[in-house]
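Here is the structure we will look at.
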Amino acid sequence: MAGIMILFIISHWTRISYKYYEARRHRGAPALRYPIALTRISRRMLLRKVPGFVSAGHALVFLGYLATCLSISFLNLDWTTLNNFAKRLGWVAVANLALVVFLSLKNTPLAFLTTYSYERLNVLHQVAGYSTIAYSMIHAIVYIVAWSKSDSLHELLYTVQIVGITAGFAMLIILASAFLLRKLQYEAFHIIHILMSALILVMVGMHRRDITKKTLVVVIFAASIWFTDRSLRLLKLAVYRIENTATITPLPHGGTRIVLRKTPFRAVPGTHCFLWIPGIRSTESHPFTIISTNPLEMVVAAYDGFTRDLHECAMKSPGHTLKASVDGPYGSVPDLTMFDKVIFIAGGSGASFTCGVAVDTLRKLGDSTATTIEFIWVVREQETIEWFAKEIEQLRTSPLVNLRIHSTNSSLPSTTRSTSLSFDEVKKAQPSESTFARPLPEDIDVEKKHASASPSLYSLLTISQGRPDLGAIITDVISNTDRHGRIAVAACGPDGMTQVARQTVVNNIRVDGPSLELHCEQFGW
């Protein structure tokens, strides 16, 4: 598995080197023709969606992982007794346990070696976790069968076996919570996951406590990197808690704007931080995308749990300031100024990513006109546009941006008028902090009051009704680009939307066409 990771690292830095070489000196150089052709043919195959996996590339990694596990399970095995097979299964389970912990690290070294942050590794973490549980269960079953045949079942009552059985039950609890709670009660699942994982490491260490047998070495390694990661996260929370506060403001249709006093080091729009507000929930921190860093700003859609409580607090006390801290930043955002054209696609609150990154890209470009932007945002209610009024205004007034906003709520009137909207007008259209600071009568719906505070904001933009044909838009941009051009597609939204973006990019990757890059930010964690 370390070998597979090294291949990814080599592949990543090879592509980075090639991009800088092509972009800065030898775009379309004849020497690159065959490597480019091979790369594009491979990417066309690997980016395709396959059943059960994000892409064919993920499926290939999984098959390599499965082949590795199966090979280790059976190669050079002494079959004279079932005990040998049971021991081998236990070894594979312990090795997988270390891999599971490594893939769960928030501060993973793979983040800067491959730009694969922890959230992109989560699918591999889950696969390795299921494999660990499966190998552990089969390990126990084979041992029971072997002891039954040798009339040695009394060994199950030994302390070392009891702690091993305890670790097995902890794994089954994690498995059950993953199926029953992960989607419905994520906070409960997360707490169970952490507690049971710590218990597993302790119990497995006690199960094979003789360090000369090497199992304990693996467990100590896994526990050490887990403890180091947790310590780093707690340290960040402690550092960014000093003199830090969060000001929360309600937005139309369940949105909440959060503005923090302090910005973490290396934070950029498009990355995310784990936000901790003890005044809302003292034992929980949740990841939210950074829109801007001066000051640190986030926009959160209210669903349930923490986000619902946060929005209710903002509605009761608009503009209220609470003690807060952040752990981060995490995630990776490509340098989009290297591309000739960038297509941003967002659905609903997915604009937290695209708005922030698009505005930051314009800031980096400065007076340069080398990069043009196609910005597509699909919302349900038109008032949701007020969530990102400042960012939308900057995008709309830039000559480098073609702004497309679509509303899917057919009950709202169709808007086709496009009028210049200055930043000052946007600022005037929004409630000020002093407005939020004044107490409101109890019989006034705070959310409706805020929604009506800028009734003309969305009417001053060109808003199309219905869902856009994303595939046609992406294909049109690509077809109107020179074969030596470079195009990036950045999408954030529901699975269906990102899947359309992925498939369209795959269909348009051609040896004789422009260079295409895809960056998808998925909802959910």
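Quick note: the coordinates plus some simple rules give every number you see, no bench work behind them. What you see is a predicted model, and the numbers here were worked out from it, not measured in a lab. Methodologically, a virtual Cβ is constructed for each residue, glycine included, from the backbone with ideal geometry; neighbour enumeration extends over all protein chains shown.
Summary table
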| item | result |
| --- | --- |
| Nearest-ten-degree value, helix 305-316 long axis tilted from longest Cα axis of the chain | 30 |
| Principal-axis tilt of helix 118-149 within the chain, Cα atoms, nearest 10 degrees | 20 |
| Within the chain, percent of DSSP bridges classed antiparallel, to nearest 5 | 45 |
| Cα long-axis angle, helix 215-239 against the chain (0 to 90 degrees, to the nearest 10) | 30 |
| Rounded Å value of the spacing that divides the Cα centres of the range 352-404 and the range 459-525 | 15 |
| q = 0.05, 0.09, 0.12, 0.13 Å⁻¹: log10 I(q)/I(0) that the Debye formula gives for the chain, counting C-alpha atoms only | -0.25, -0.76, -1.20, -1.33 |
| Most positive-pole-ward Cα, S73, G270, T256, against dipole of the chain from beta carbon charges | S73 |
| Unit charges on C-beta of K, R, D, E only; dipole of the chain, Debye | 1320 |
| Helical mean residue ellipticity (222 nm; -39500 (n - 2.57) per DSSP H run of 4+; nearest 500) of the chain | -16500 deg cm²/dmol |
| Stretchable slack from I211 to T475, in nm (0.36 nm times residue separation minus alpha-carbon distance) | 89.1 nm |
| Positive minus negative residues near S73 (Lys, Arg vs Asp, Glu; Cβ under 12 Å) | +2 |
| Neighbourhood charge, 11 Å Cβ-Cβ cut-off, centred on G348 and excluding it, Lys, Arg +1 and Asp, Glu -1 | 0 |
| Net charge over other residues, Cβ less than 14 angstrom from the Cβ of V359 (K, R count +1; D, E count -1) | 0 |
